[in-house]
1. On alpha carbon coordinates alone, what is the Rg over Rh value for the range 32-184, Rh being the Kirkwood radius?
2. For the pair residue 153 and residue 51, how long in nm is the line joining their label points, each one 7 Å along Cα→Cβ?
3. Once you put a point 7 Å from the Cα of residue 186 and another 7 Å from the Cα of residue 93, both along the Cβ direction, what distance in nm separates them?
4. Let me have the 222 nm mean residue ellipticity of the chain computed from DSSP H runs of 4+ only, each contributing -39500 (n - 2.57), with the sum over all residues rounded to the nearest 500.
5. Under the classification rounded if a/c is under 1.5, otherwise prolate if a/b is larger than b/c and oblate if not, where does the range 17-109 fall, given a ≥ b ≥ c as square roots of the Cα gyration tensor eigenvalues?
6. List 61, 145 from most exposed to least, where exposure is judged by having the fewest other Cβ atoms within 10 Å.
7. Which distance in Å, rounded to a whole number, links the C-alpha centroids of the range 1-40 and the range 55-86?
């Protein structure tokens with residue numbers, strides 16, 4: 001824990017600190033915002049979050065600012081372009097998942113925020129230590145199953161939980177972290 005009580009992962013590195021302070025844990029309710037976080041969390045699997053944040057501008061450019069309709073229309077030429085793009089993580093399965101999940105989102109007809117947010121757990125007190133933060137939860141297991149049932153891929157319980165953290169469904173900032181109160185306030189105002 002830092003001297004000011006901040007989550008240790010949000011201290012020291014300016015890129016990580018900005019993400020911690022300004023974004024992580026704040027409610028995201030738009031379809032495109034949720035789709036972006038779902039994609040980024042899937043791409044992060046097996047890599048550091050810093051790698052994904054460094055490549056985020058490249059991801060946004062490559063995936064049409066995560067416009068679901070645009071990505072759903074991607075074809076073979078787009079796939080080849082993405083596989084050659086050093087500005088993103090060039091993983092075949094993850095790229096195909098992003099395209100598939102855009103198509104699955106369109107099949108929902110605007111219901112992605114409803115499905116995701118229906119799995120938000122009851123709010124609780126902040127975590128005392130980083131060791132108290134789980135890798136998944138019963139709600140993320142249920143969300144993973146609900147998404148897979150609707151044709152989504154690369155959305156296992158751990159990825160679903162990370163998305164829930166990123167999108168403010170859960171607030172896993174430490175209780176001592178100033179961002180914990182900010183995220184709770186943003187959740188209550190959303």
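Here, each number is a calculation from the coordinates, and none is a lab measurement. These numbers come from a predicted model, not from an experiment. Cβ: placed from backbone, ideal geometry, glycine included. Neighbour counts: every protein chain shown.
1. 0.98
2. My value for the distance between the label points is 2.0 nm.
3. 3.1 nm
4. -17000 deg cm²/dmol, from helical runs alone.
5. Oblate, since a/c reaches 1.5 and b/c is not below a/b.
6. Fewest to most other Cβ atoms nearby, the residues stand as 61, 145.
7. 23 Å
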